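Participant: Quick one: the structure is below, and I'll ask about it shortly.
The values are calculated or read from the model by the stated rules, or taken from the named source; none is laboratory data. The model shown is predicted, which means the values in this text are computed figures rather than measured ones. All Cβ positions, glycine included, derive from the backbone under ideal geometry; neighbour counts span all protein chains shown.
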Amino acid sequence: MKRKGLVVATLIALTTLAGCSGGDDGDDVTINIDNGGGDNGGGTPDPNEPTTPDGDCDNVVEAGFVSFNDDCSVGTLSGLVNSDYVLTSDVQWRLSGTVRVGEGNENVASAADVQAIRDAGVTLEIEPGTDIRAFDDGTLLVTRGSRLVADGTASMPITFSSLDNNYDGLGEWGGVVIQGFAPQYGQGGTGACFGSGEVCNVEGEGGTEVAVYGGNDPADNSGIIRYVRIAEGGLVAGPNNELNGLTLQGVGHGTTVEYVQVHNNLDDAVEWFGGTVNARYLVLTGTDDDDIDYDEGYMGNIQYAIIQKDQQKATPTGSNDPRAIEANSSDADFVPETSAVLANVTIIGGPMVNSEEAEAGRQPGMRLRGALTTSIYNTSVQGFDTGCIRIDDADVNGDGSIIEPSNVVLENILNDCAEGIYTHELPESAVNVTTQTLTYSSTMAINESAARLASAPVINAVNNGSGFMFDQTDYVGAVDPDAATGWWEGWTLPDTLGSSEDVQPADFVSCNADSTVCTISGTVDTDYTLVAGVEWRLSGEVLVGNGNQSVSSDADVQAIRDAGVTLTVRPGVNVKSFDDGSLLVTRGSKLVANGSAASPITFSSLDDGFDGIGEWGGVVIQGFAPQYGAGGTGACFGSGTVCNVVGEGGTVVGNYGGNDPADNSGSLRYVRIAEGGLVAGPNNEINGLTLQGVGHATTLEYIQVHGNLDDGVEWFGGTVNARYLVLTNNDDDDIDYDEGYKGNIQYAIVRKDPNKAAPTGSNDPRAIEANSSDADFVPETDAVLANILILGSPMNNNDDSDAGAQPGMRLRGALTTAIYNTAVRDFNEGCVRIDDADVNGDGSNIVTSDVTLVNLLGECADGFYTHRAADIEDNAGEPNNGTVTIDDAYAITEGAALVAPPGIAPVDNGSGFTFDDTGYVGAVEPGTAANDAWWAGWTIPGSLD
């Protein structure tokens, strides 16, 4: 179906389009490469590649610059994009030759010419998740006055690469070039490109077709480049004629550049030629030349960048001189207007930067020169043997008669380079610039304590008119050492950052011949990592550590802590379990399972899909935090200091509990647990996630439990808080806390199975169950919950089930609980049931529950309450039992969902937890787009449909 017809423009040859740093001794590059044919070498594309999406010719938009294959699964761009166009994610797009967006690289002679180019400008939009592949002559040139809007997401990044199916090439296509109307400044101190006038025509490096860029508008807007990956570029078109991964020529600060990876580029990764565009969150890996290169009067700011040179390549290609940061040109080509501030950069060298065999010799981590002004803060440099930092003034005439000094300020720079910090001159100012051995965590944060600063320095931005403000960080490096995950995780190209990890041998691990499937059994008795790229399996009850044995003294507790081990699970790992499998993390040991939105960690049964129930056990975590006994018997440690509480959930659960509320059992973030709840015996099932005496130093957030035969998440005492829970299709309760749990929970979506008519056996499927009844009361249980959305289904309204119809919540057993900004729907029995404890069963000894409800909405057929009302009600109760409607983001659409922030006071369990004081009812803020909801992208597909 032809929906739009556009004029075909002539094809522009890439052989004259390229960019590299100009006019100095470090960038006169001569490289010869044998492309060697291959499946990326400009031949006919294969539309039947496994990664090519299914086509739909009814939905594509035809244009003169696009051609499609027969089923429209592949679209090839060529020539001039002369009208607004969208590259949709359901098509694999290809670049043939130079694809030019707009015609703004023509010469201009007046402000009227500039306005005419702006008026004629077009926008090329790229949807999140889109794959763009280039033939070996392909590149993308976005000319001034036009825009590239490539706005991906963490879970759906946009990718540019060569035509083949991997990302391990180098120089296999061109790159992405963006041009704008922002100022450029000439070499040799010749000033602004517009001189005494108002227009510029700066010849871009790489040939005549790049043509011209620049202007006098620092705020020029060339679009958005966010969550974008550019791989395998840097095509050699001729001597001194390569392309950077991302070239920014006169690009203004109205442009957004953040969350960008350039990988395996033959020339520089990102190069600024003048302009004012700022950047945040860069990942630059495997670059054969420089990584960050700014020149020609660039005036801007860069924060958060990880630079890692190829860890295997022995020498750079040709005369490349691979520094991490190169700023300005040397001597007679000096540009004194160049002014930049950088902060939080992690730089890691590799063998190629230290090669004596390289044409350009060994290289420093940074080269700062040409009378520039640069300040660098909170940055680390490692692995450049010849020196971490080289600073040069400009020797204008080459004879020392005219020296134009560079002005370099360094603060909080950690250096790990064999031959020292400086190779030439010293900075104008240096504060806390020291040598330090550097190692990195799995998040790419620096491990050493020197990276943690006593206070954050004041980082002032270059005033380029953008209003850019630096985050005032109190750590060195690109990643916060206290962050559970790195900001780069999940959206960057797999295995491009850090070192690839091999499966390590251990007595508790057995693997197939190629280590693609590995099974864990028995006891994990040493620190161990479940690496990515392997299917891991649980056979039987797998224990982490031996902390579930009885203890009788503080010395016993310390011995368990000393012997504790950590099981680490990498982002994206799938852990599948045999039907007798479960994972038990005993007290004193840790589970560190930090996934990401794009790469969640998944626990499930052995089969494909996630539609089972009770097909394996679950995840049990034990700690040394307090537990309180039924019947008001008090803390598990009594008058002593140790506990041995026998846990439920299998035959080897053993003992948990202690007297340390701040105990740390690890971290679970972006974790999905599906199909569990194996029945171990009468009244002895396993919850999806069982928390037995777990302390508040443990992190629980972004967790889904789906299709569990027993409860979703159950707290047995402990103090661990939780945020961002998705609990779907669980057959019993979803949130269950008891035995003196003292903690806080915010943001949860609970949805009962909409397709199941009745629960299994005697399950009584409530969304929230708190404490035990009557004689088993535990008055120490104290929790605050906020922003919970509860959606019932036929299974909880079945009067003929063993346990009968159920309320949305059952709050009982002399507990103390406050619930804020929450909604309950489709529990016909009632939204909320509150019970006091009838200790003797005859009404002679009643211990009351203390329940506060603030901003609760309900839609329950038989009323809001089934028994008594809450002790404190504020915008809750029967008057609020009306209608609750949700949109596709799982936000409530009624106006009643918008409330005044109530001031939510947490349980003071020692954690310092603070609630977001939200002004809405439900788990998702009204008005949020479905793709932007906190649950989007990482939950099990279809589980919230």
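Participant: Check region 723-742 and report whether any residue there is among the small types (Gly, Ala, Ser), within 29 Å of GLU859 (Cα to Cα), assigned by TED's automatic domain parsing to the domain that holds ALA630 and crowded, with 24+ Cβ neighbours inside 10 Å.
Facilitator: The answer is no, given that none of the residues of region 723-742 is among the small types (Gly, Ala, Ser), within 29 Å of GLU859 (Cα to Cα), assigned by TED's automatic domain parsing to the domain that holds ALA630 and crowded, with 24+ Cβ neighbours inside 10 Å.
Participant: Tell me the residue from ALA869, ALA900, ALA896, ALA861 that is touching a Gly at 6+ places or on another chain (Cβ under 8 Å), assigned to a loop (DSSP other than H, G, I, E, B), in contact (Cβ under 8 Å) with a residue 24 or more places away in the chain and over 26 Å from ARG672 (Cα atoms), please.
Facilitator: Working: ALA900 fails: in contact (Cβ under 8 Å) with a residue 24 or more places away in the chain; ALA896 fails: assigned to a loop (DSSP other than H, G, I, E, B); ALA861 fails: touching a Gly at 6+ places or on another chain (Cβ under 8 Å).
After applying the criteria, what remains is ALA869.
Participant: Please enumerate the residues belonging to region 623-652 that are crowded, with 24+ Cβ neighbours inside 10 Å and of a type in the set (A, V, I, L, M).
Facilitator: Passing the criteria: only ALA625.
Participant: Right, here's the next one. Going through GLY676, GLY595 one at a time, which residue ends up being surrounded by 23 or more Cβ atoms within 10 Å (Cβ to Cβ), closer than 21 Å to ALA722 by Cα and either modelled with pLDDT under 95 or polar (S, T, N, Q) (or both)? Spell out how you get there, then give the answer.
Facilitator: Numbers: GLY676 fails: either modelled with pLDDT under 95 or polar (S, T, N, Q) (or both).
After ruling out the rest, the residue left standing is GLY595.
Participant: I've got another one for you. Within the set of pairs 6 or more residues apart or between chains, which connect a residue that is assigned by TED's automatic domain parsing to the domain that holds VAL202 inside region 84-112 to a residue that is among the basic types (Lys, Arg) with Cβ atoms less than 6 Å apart?
Facilitator: The qualifying pairs are ARG94/ARG133; GLY104/ARG144.
Participant: Moving to a separate point now. Tell me which residues, restricted to region 595-624, are hydrophobic (A, V, I, L, M, F, W, C), assigned to a loop (DSSP other than H, G, I, E, B) and in contact with a Phe, Trp or Tyr (Cβ under 9 Å, 6 or more places away or on another chain). Please lay out each step first, then the result.
Facilitator: Within region 595-624, the first condition is being hydrophobic (A, V, I, L, M, F, W, C), and the residues that meet it are 597-598, 601, 603, 606, 610, 613, 616, 619-621, 624.
Then drop every residue that is not assigned to a loop (DSSP other than H, G, I, E, B), which leaves 597-598, 606, 610, 613, 616, 624.
Residues satisfying the conditions are ALA597, ALA598, LEU606, TRP616, PHE624.
Participant: Among the candidates LEU785, LEU791, single out the residue that is of a type outside the set (Asp, Glu), closer than 18 Å to ALA876 by Cα, touching a strand residue (DSSP E or B) at 6+ places or on another chain (Cβ under 9 Å) and surrounded by fewer than 24 Cβ atoms within 10 Å (Cβ to Cβ). Break it down stepwise before answering.
Facilitator: On the way: LEU785 fails: surrounded by fewer than 24 Cβ atoms within 10 Å (Cβ to Cβ).
Checking each option against the conditions leaves just LEU791.
Participant: A further question on this structure: Residues being of a type in the set (Gly, Ala, Ser) and at pLDDT 95 or above: count how many of those fall in region 90-102. So that I can check it myself, show each step before the final result.
Facilitator: If we filter region 90-102 for residues that are of a type in the set (Gly, Ala, Ser), which is where we start, we get 96-97, 102.
From the residues that got through so far, the ones that are at pLDDT 95 or above too are 96, 102.
So the count comes out to 2.
Participant: Separate question: Does VAL534 satisfy being surrounded by 15 or more Cβ atoms within 10 Å (Cβ to Cβ), touching a strand residue (DSSP E or B) at 6+ places or on another chain (Cβ under 7 Å), modelled with pLDDT under 95 and not small (Gly, Ala, Ser)? Quick ask: steps written out before the conclusion?
Facilitator: Numbers: surrounded by 15 or more Cβ atoms within 10 Å (Cβ to Cβ): yes; touching a strand residue (DSSP E or B) at 6+ places or on another chain (Cβ under 7 Å): yes; modelled with pLDDT under 95: yes; not small (Gly, Ala, Ser): yes.
Yes; evaluated as a whole, the condition is true for this residue.
Participant: Related question: Just to verify a result, which residue in region 292-323, among those that are under 26 Å from PRO183 (Cβ atoms) and touching a Gly at 6+ places or on another chain (Cβ under 6 Å), is surrounded by the fewest Cβ atoms within 10 Å (Cβ to Cβ)?
Facilitator: So the first thing to find is which residues in region 292-323 are under 26 Å from PRO183 (Cβ atoms), and the list is 292-305, 323.
Remaining after also requiring touching a Gly at 6+ places or on another chain (Cβ under 6 Å): 296-298.
Values: GLU296: 30, GLY297: 28, TYR298: 32.
Restricting to residues being under 26 Å from PRO183 (Cβ atoms) and touching a Gly at 6+ places or on another chain (Cβ under 6 Å), the top hit is GLY297.
Participant: I would also like to ask the following. Looking at SER539, SER577, can you tell me which residue is more than 29 Å from the chain's Cα centre (by Cα), within 25 Å of LEU709 (Cα to Cα) and in contact (Cβ under 8 Å) with a residue 24 or more places away in the chain?
Facilitator: On the way: SER577 fails: more than 29 Å from the chain's Cα centre (by Cα).
Unique residue meeting the criteria: SER539.
Participant: Which one is surrounded by the most Cβ atoms within 10 Å (Cβ to Cβ), of the residues in region 388-418 that are within 21 Å of ALA451 (Cα to Cα) and in contact with a Gly (Cβ under 6 Å, 6 or more places away or on another chain)? Walk me through how you get there before you give the answer.
Facilitator: Residues of region 388-418 within 21 Å of ALA451 (Cα to Cα): 388-389, 409-418.
Next, from what is left, pick out any that are in contact with a Gly (Cβ under 6 Å, 6 or more places away or on another chain): 388, 417.
Numbers: CYS388: 30, CYS417: 25.
Of everything passing the filter in region 388-418, CYS388 is surrounded by the most Cβ atoms within 10 Å (Cβ to Cβ).
Participant: Suppose we keep only residues that are in contact (Cβ under 8 Å) with a residue 40 or more places away in the chain and among the β-branched types (Val, Ile, Thr) within region 422-466. Which one would you say is surrounded by the most Cβ atoms within 10 Å (Cβ to Cβ)?
Facilitator: ILE446
Participant: I've got another one for you. Identify the single condition in (1) under 30 Å from LEU606 (Cβ atoms); (2) in a loop (DSSP other than H, G, I, E, B) that ILE520 does not satisfy, given that it satisfies every other one.
Facilitator: Every condition holds for ILE520 apart from (2).
Participant: If you take just the strands (runs of 3 or more DSSP E) that sit entirely in region 50-138, which of them hold at least 2 residues that are within 30 Å of VAL199 (Cα to Cα)? If you could, list the steps in order and put the result at the bottom.
Facilitator: Numbers: elements: 66-68, 74-81, 85-87, 92-101, 123-126, 131-134.
In region 50-138, 74-81, 92-101, 123-126 are the strands (runs of 3 or more DSSP E) which contain 2 or more residues that are within 30 Å of VAL199 (Cα to Cα).
Participant: Can you pull out the residues in region 747-783 that are of a type in the set (A, V, I, L, M) and either part of a loop (DSSP other than H, G, I, E, B) or within 35 Å of the chain's Cα centre (by Cα) (or both)?
Facilitator: Initial filter on region 747-783 (of a type in the set (A, V, I, L, M)): 748-750, 757-758, 767-768, 770, 775, 778, 783.
Answer for region 747-783, where residues must be of a type in the set (A, V, I, L, M) and either part of a loop (DSSP other than H, G, I, E, B) or within 35 Å of the chain's Cα centre (by Cα) (or both): ALA748, ILE749, VAL750, ALA757, ALA758, ALA767, ILE768, ALA770, VAL778, ALA783.
Participant: Residues of region 870-895 being among the small types (Gly, Ala, Ser) and touching a strand residue (DSSP E or B) at 6+ places or on another chain (Cβ under 6 Å), which ones? Reasoning before the result, please.
Facilitator: Narrowing region 870-895 to residues among the small types (Gly, Ala, Ser): 870, 876-877, 882, 889, 891, 895.
ALA870, ALA876 - these are the residues of region 870-895 that are among the small types (Gly, Ala, Ser) and touching a strand residue (DSSP E or B) at 6+ places or on another chain (Cβ under 6 Å).
Participant: Another question about this same structure. ARG723: out of contact with any Lys or Arg (no Cβ under 9 Å at 6 or more places or on another chain), closer than 25 Å to LEU789 by Cβ and without any contact (Cβ under 8 Å) to a residue 60 or more places away in the chain, yes or no?
Facilitator: Working: out of contact with any Lys or Arg (no Cβ under 9 Å at 6 or more places or on another chain): yes; closer than 25 Å to LEU789 by Cβ: yes; without any contact (Cβ under 8 Å) to a residue 60 or more places away in the chain: yes.
So ARG723 fits the description; yes.
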